[in-house]
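Chemist: First, the structure itself, so that you have it in front of you.
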Amino acid sequence: MAAGRERRAEAETFPARLKIQWHRARVGVRRSAVDYFRGDGSDWIALVGLLITIPVITVMTLANPVWFSPAALVLPIVAGGLLLRPASLLGLYAGAATALIVESVQLGPYTEGPARVTPGVVLVVAACGFFGLLIAQFRSRVGVPWRRGGTMLFDLRERIRTQSRLPKLPAGWHREMALRPAGGQSFSGDFVVAARTNGGRTLEVVLTDVSGKGMDAGSRALLLSGAFGGLLGSLPPHAFLPAANGYLLRQDWDEGFATSIHLVLDLDSGDYELYNAGHPPGLQLSAGSGRWEEKAADGPLLGVYEGALFDPVKGSLRPGDVLMLFTDGLVETAERDIVEGIDRLTGEADRYVAGGFHGAAWHLIEAVAKDVNDDRALLLISREGGGPTPQPPPPPEPPAGSH
């Protein structure tokens, strides 16, 4: 008990209380800063910081106007346009205007020498303030602070990538996918949703190409990938594309069509069904013949008319076979038609037969459509175990001396 009283006495000393108060203040400032940069808190921290810079700049300008021009006041104004709300921004502008008046009075008329407050300096500062106010009002109307805008776009991009991940397949199967947006952007109108259904026995994959490309199609791709991911596995395979078509029609977008191909693969037997909605055909490599065969099913574009029917084409993947699904950006350009593009794609794909197509998806896009200004997506599913048919062992030789 004596030791406990000593600890309480130490905690009640002035240095201990000062340390506790300092810790609480530091935690409070940190929380306020975190809330601010998340877009949840007040902007008073940024406002106070920028207001402090104005007299600092003013003093430096008065001390040495040649090195510290009066136009340096645009720096806190530009920062305020990015950080502050419109109401706070007006307070910052009032401080900057007062500083310009002080500098003009102290430095004298601009006609008496260089490094003075000239009409040009006033116009530059006023123009920066005007555009900063426009930016702040736009951010206020949208409701997304600039410091959260980039984070939000990054989060949207990662959600699309997460939804496009293919599930792990059992031994004997290999799958890989590559997506390449148009123009080197982060958002693509091509996306994939996939799921293991039927107790994990069936792999369902949907590759979709939304009308448009890049950022223009990215928001629609995000919306559709979430909706298609919810439908996949919740409906029988034959009902997926009709449901997706109805969903797309209900959006009533000006540019609202999409193409899609839906693979339903039995991972035990290798049998599959391929449903197509205006999408380029799938390609299957037969290990026995070494030839590529088009797997084209009938079906209209998604989002064009109600009551569309989608009839599947059936096939089977045997050991060593490969199924390749892709979007039109990979095989069709203004300089070549889809037939020529498919021939080029299969020609390049033949180089990866010996290696089992491991790592082939990214390299195929690089080889076939590296500089194409369109979204490109390629999906490969192969059944491993192909190769030369093993020969039966020779019959045992009869024992010596036997006839």
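Chemist: Report, to the nearest whole %, how much of the accessible area of segment 165-285 belongs to carbon and sulfur atoms, 1.4 Å probe, protein only. Mind showing how you got there, number by number?
Modeler: Numbers: 2210 of 4510 Å².
After summing per-atom areas, the C and S share lands at 49 percent.
Chemist: Right, here's the next one. Once phi is turned into ³J(HN,Hα) by the Karplus curve 6.51 cos²θ - 1.76 cosθ + 1.60 with θ = phi - 60°, what whole-Hz value does each residue of segment 284-295 show in order, with x for glycine and proline?
Modeler: 10, 9, 8, 5, x, 9, x, 10, 8, 10, 6, 10
Chemist: If DNA, RNA and ligands are ignored and the probe is 1.4 Å, what is the ranking of Trp67, Trp44, Trp173, Trp253 by accessible area, most exposed first?
Modeler: Numbers: Trp67 205, Trp44 130, Trp173 25, Trp253 75 Å².
Order by accessible area, largest first: Trp67, Trp44, Trp253, Trp173.
Chemist: Leaving out ligands and nucleic acids, and using a 1.4 Å probe, what accessible area per residue does segment 295-376 come to in Å²? Write out the running numbers ahead of the final one.
Modeler: Details: 4120 Å² over 82 residues.
Result: 50 Å² per residue.
Chemist: Given Cα pairs under 8 Å that are at least 6 residues apart, what percent is the relative contact order of segment 320-378?
Modeler: Working: 54 pairs, mean separation 28.7, N = 59.
Over segment 320-378, the number comes to 49 percent.
Chemist: Once neighbouring chains are kept in place and the probe is 1.4 Å, which whole percent of the accessible area of segment 310-358 is contributed by carbon and sulfur?
Modeler: Values: 1140 of 2430 Å².
Roughly 47 percent of what the probe reaches on segment 310-358 is carbon or sulfur.
Chemist: Further question on the same structure: Could you tell me the relative contact order of segment 242-364? Use alpha-carbon pairs under 8 Å, at least six residues apart, and round to a whole percent. Intermediate results must be reported in sequence, preceding the final value.
Modeler: Working: 195 pairs, mean separation 27.9, N = 123.
Over segment 242-364, the number comes to 23 percent.
The values are calculated or read from the model by the stated rules, or taken from the named source; none is laboratory data. Because the structure is a prediction, the values reported are computed rather than measured. Heads up: the accessible areas ignore ligands, DNA and RNA and are worked out on the full protein's heavy atoms, side chains in. Shrake-Rupley method; radii C 1.70, N 1.55, O 1.52, S 1.80 Å.
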